[in-house]
Amino acid sequence: MSSPKKAAPTPHRFDCDLASLEGITVLGESAAVLFSVMLRLEFGPARDGMAAMSATVPASESEALKRAMTRAERDVPGDRRTRGQRDHDRFLTVVERVGEVIDALDHQRGAA
């Protein structure tokens with residue numbers, strides 16, 4: 001009996017020099033690792049104003065994203081959002097923070 005094949009990580013959708021993000025952290029995690037996750041995202045067709053996204057990521061990237069999302073959680077008394085809604089909000093917070101770091105680096109490079 002053959003062993004099941006392991007899924008290969010989704011390739012990055014764009015070539016990007018992640019080395020420029022080394023040593024920078026976002027929500028306690030490597031900005032390079034978190035951005036690598038984002039570069040792997042694939043988007044399905046939009047239906048009713050929504051589109052599914054997915055990616056197969058290495059375990060190390062998945063764990064870093066989970067930890068960053070946990071740190072992004074805001075305690076809101078009486079929060080009535082579902083777990084999926086909270087996960088969505090936490091994921092977007094991580095994406096926004098990584099984007100802010102990249103924007104700041106681009107601005108700093110442009111000013112130099």
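Summary of values
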| quantity | calculated |
| --- | --- |
| Index of the failed condition, Phe14 passing every other in (1) outside any helix (DSSP H, G or I); (2) at pLDDT 90 or above; (3) of a type in the set (Phe, Trp, Tyr) | (2) |
| Residue check, Glu73 within 12 Å of Val26 (Cα to Cα) and of a type outside the set (Phe, Trp, Tyr) | no |
| Residue satisfying all of: in the range 71-99; closer than 28 Å to Ser20 by Cα and small (Gly, Ala, Ser); nearest to the chain's Cα centre (by Cα) among these | Gly99 |
| Listing of helices (runs of 4 or more DSSP H) fully contained in the range 22-112 that carry 3 or more residues being among the small types (Gly, Ala, Ser) and open to solvent by 40 Å² or more (accessible area, probe 1.4 Å) | 83-111 |
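The values are calculated or read from the model by the stated rules, or taken from the named source; none is laboratory data. Keep in mind that this is a model prediction, so the values were computed, not measured. Keep in mind that these areas ignore ligands, DNA and RNA; they rest on the heavy atoms of the full protein, side chains included. Shrake-Rupley method; radii C 1.70, N 1.55, O 1.52, S 1.80 Å.
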